[in-house]
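Bear in mind that the values in this text are calculations on the coordinates, not laboratory data. None of these values were measured; they are calculated from a predicted model. Note that we place each Cβ from the backbone using ideal geometry, even for glycine, and neighbour counts take in every protein chain shown.
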Amino acid sequence: MSEPSQYQVVVEEAGPARKRITVTVPSTVVDAQLSNQMSTIGGSVDIPGFRKGKIPRAVIEKRFGDAVREETRNELVRDGLKEAIDSHNLEMLQQPEPTEDAVPEIKAGTDFSFTVEMDVVPEFDLPDFGSIEITRPTLEVTDTHIDEEIERQCLRSGKGETLESDFKPGDRLLGRAVCTRKGEDEAFFTNEQTLIVLPDAGERGEILGLMIDDVNAIFSGKNVGDIVPITIDVPEHYEREDIQGKTVDVEFQIHVAERIEPCTLEELVEAYQLPSSEVLREQVQMALEQRRDEEQSMILRDQAREKVVAEMDVPIPEKMSAAQVSNHLDRVRLGLLERGEDQQAIETQVAEAREDTEKMANDGIKLMFLHQRLVKQYNLNVNEQEINQQIVKVAMNRGMRPDELRNQLAQNNQLGQIGTQILENKAADAMAQQMNIVDIDAEQWKELQEGSGDAKKTTKKTAKKTAKKTAKKTAKKTAKTTAKKTAKKTKKKTSS
């Protein structure tokens with residue numbers, strides 16, 4: 001192995017957060033490496049007619065010359081890149097790309113030179129966290145909130161009624177979706193089990209992970225068995241590059257339609273195995289308060305991230321492609337999963353996030369750089385116990401067994417994202433705690449955010465979700481899980 005100091009390294013700018021690296025290896029180093037490789041092979045191989053270790057160089061060259069040169073070249077490239085990265089404190093975002101079709105071959109007695117380009121983590125300054133003000137909405141859980149949550153629990157525990165026509169908001173339609181790019185005849189995607197939930201009046205609906213206007217109007221007057229044509233304009237930053245910015249025609253054939261009729265309060269109490277409706281109300285209140293506290297922490301993190309990202313002046317690598325957008329959407333999806341959202345709500349909100357412009361993608365990339373910087377700055381880490389606790393927490397919120405959720409995440413290649421999310425949340429928590437935190441009534445905070453002309457989208461979405469969903473929707477699964485636990489405790493006390 002040659003010493004790193006023997007490499008001649010030139011690093012140049014090749015674009016935003018992109019470097020062009022040229023490494024030149026002197027001929028003396030090339031010859032020494034080739035000689036070492038030849039000697040190693042000569043002392044380890046058996047060739048008929050020659051004693052091991054006494055094989056002439058010419059014979060080794062004839063039999064193994066091409067392989068030796070290739071291996072030597074690969075070693076020199078690896079060592080040269082390591083020297084360039086270490087000596088210039090570069091953090092790679094991707095594997096280096098040769099500027100030519102192939103890395104040149106090496107020749108004895110000749111300098112070896114190669115050039116690559118790669119995206120790197122850019123240099124940037126962070127604002128003074130102490131000068132940033134963030135607000136914490138406060139909310140007292142009232143009887144109205146509890147009544148509304150119980151009403152939703154009744155709906156969730158209700159029974160399905162099969163429909164043939166006259167579809168209304170909230171109805172669930174299951175069918176076959178055939179997707180074709182505009183102007184093409186051959187379908188690029190078919191799904192036999194596509195679920196569409198008709199949204200509330202005036203709201204947009206989600207179809208195949210994309211937000212659609214006038215969904216209720218599209219299905220007005222339709223019947224089970226009908227084939228319903230739907231046209232979708234796909235956002236520029238959709239995960240699938242083959243349909244980014246394109247128009248897609250969908251033919252959705254309705255196979256099954258269902259409307260959920262809510263159960264009664266008495267049936268809900270019995271289903272949760274509770275002694276009375278009063279106990280149910282107590283458990284719902286506890287669940288709402290717990291979720292409110294969790295939402296407050298999430299809001300502080302979201303505000304801290306948003307305000308810092310807005311002040312960050314960071315060059316964005318040109319080749320940070322749709323893969324980075326996909327990573328950002330994974331974080332969005334896991335955040336919603338942590339909140340206890342059901343799968344339909346998750347896909348709906350991910351579809352909304354997907355519609356954002358290139359600014360959303362760039363802000364997501366900035367956020368990734370911010371998290372990386374904070375993790376190093378605060379020397380943060382995550383252990384297996386924390387990952388398991390997070391899986392248990394999310395599983396409880398979703399009414400699943402932890403092992404079932406772990407398997408689901410593993411199948412979707414999302415298990416590694418759990419640890420990343422924990423680490424990023426720790427980084428955002430540490431950052432938020434250095435800021436000026438001001439408490440404000442949740443409804444007032446919501447009105448301020450919605451009424452601010454220059455309030456950012458993420459802030460508005462957080463305000464809506466928190467002030468409204470904390471009051472209305474927060475404990476979908478948590479209330480159910482907590483109620484069951486209380487029922488068990490009540491039974492134990494009664495039996496004792």
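Pulled fully out, how much extra length does the chain show between N362 and N74, if you take 0.36 nm times their separation in residues and subtract their Cα-Cα distance? If you can, show how the numbers build up before the last one.
Details: separation 288, 0.36 × 288 = 103.68 nm, distance 3.49 nm.
My answer for the length gained is 100.2 nm.
On each of the three principal axes of the Cα atoms of the range 159-261, give max minus min coordinate, whole Å, ordered largest first.
Result for the range 159-261: principal-axis Cα extents of 41, 26, 22 Å.
Considering only C-alpha atoms, what is the centroid distance from the range 263-334 to the range 64-106, in Å?
45 Å
Would you please classify the overall shape of the range 203-292 from the alpha carbon gyration tensor, given that a ≥ b ≥ c denote the square roots of the eigenvalues, rounded means a/c under 1.5, and beyond that prolate means a/b larger than b/c while oblate covers the rest?
Numbers: a/c = 3.99, a/b = 1.92, b/c = 2.07.
Here the range 203-292 falls in the oblate category.
What order, most packed first, do the peptides 424-433, 85-94 have when packing is the mean number of other Cβ atoms within 10 Å of each residue?
Details: 424-433: 20.0, 85-94: 14.0.
Averaged packing, sorted descending, gives the order 424-433, 85-94.
What would the Debye equation give as log₁₀ I(q)/I(0) for the range 1-151 at q = 0.10, 0.15 Å⁻¹, counting only Cα atoms as equal point scatterers?
-0.54, -0.87
Shape call for the range 277-327 from the C-alpha gyration tensor, a ≥ b ≥ c root eigenvalues: rounded (a/c under 1.5), prolate (a/b greater than b/c) or oblate?
Numbers: a/c = 9.67, a/b = 2.68, b/c = 3.61.
Oblate is the answer for the range 277-327, as a/c is 1.5 or above yet b/c matches or exceeds a/b.
What Kirkwood hydrodynamic radius do you get for the range 74-195 when you take the inverse of the mean 1/r over all pairs of distinct Cα atoms, in Å? All intermediate terms of the calculation are to be shown ahead of the outcome.
Working: mean 1/r = 0.0423 Å⁻¹.
With all distinct Cα pairs of the range 74-195 included, I get 23.6 Å.
Positive end of the charge dipole of the chain (Lys, Arg +1 and Asp, Glu -1 on Cβ, about the Cα centre): tell me which of F189, L334, S27 has its Cα farthest that way.
L334
Would you please give the FRET efficiency between E123 and D439, computed as 1/(1 + (r/R0)^6) with r the Cβ-Cβ distance and R0 = 35 Å, to the nearest 0.05? List each step's numbers first, then the result.
Values: r = 36 Å, r/R0 = 1.04.
After rounding to 0.05, the efficiency reads 0.45.
Along the Cα-to-Cβ line of Q385, 7 Å from the Cα, sits a label point; which residues in the range 402-420 have backbone N less than 18 Å from it?
419
Checking the a/c ratio against 1.5 first, then a/b against b/c, what shape does the Cα gyration tensor give for the range 77-121?
Details: a/c = 3.48, a/b = 1.63, b/c = 2.13.
Cα axes put the range 77-121 in the oblate bin.
Quick one: dipole size for the chain, taken about the Cα centre, charges +1 on Lys/Arg Cβ and -1 on Asp/Glu Cβ, in debye to the nearest 20.
Values: 69 positive and 90 negative charges, 419 e Å.
Computed about the Cα centre, the dipole is about 2020 debye.
Taking every DSSP beta bridge with both residues inside the chain, roughly what % is antiparallel (nearest 5)? Mind showing how you got there, number by number?
Details: 50 of 56 bridges.
Antiparallel: roughly 90 percent of the beta bridges in the chain.
Output the Cα-based Rg and Dmax of the chain in Å, rounding Rg to one decimal and Dmax to a whole number.
For the chain, the Cα-based Rg and Dmax read 29.9, 95 Å.
Taking the Cα-to-Cβ direction at E270 and at Q377 and moving 7 Å from each Cα, how far apart do the two end points lie in nm?
Those two pseudo-labels are separated by 5.8 nm.
Compute the length gained on full extension between T24 and E278: take 0.36 nm times their separation in residues and subtract their Cα-Cα distance, giving the result in nm to one decimal. Walk me through the numbers on the way to the answer.
Working: separation 254, 0.36 × 254 = 91.44 nm, distance 7.84 nm.
Going from the current span to full extension adds 83.6 nm.
Note the per residue figure in Å³ for the convex hull of the C-alpha positions in the range 247-397. Don't jump to the answer; show the numbers that get you there.
On the way: hull volume 28.3 nm³, N = 151.
Here the figure is 188 Å³ per residue.
Please list, in order, the residues from the range 245-277 whose amide nitrogen is less than 17 Å from a point placed 7 Å along the Cα→Cβ vector of T190.
249-255
Quick one: longest stretch of the chain between exposed loop chymotrypsin sites (Phe, Trp or Tyr not before Pro), exposed meaning at most 16 other C-beta atoms within 10 Å and loop per DSSP?
189-377
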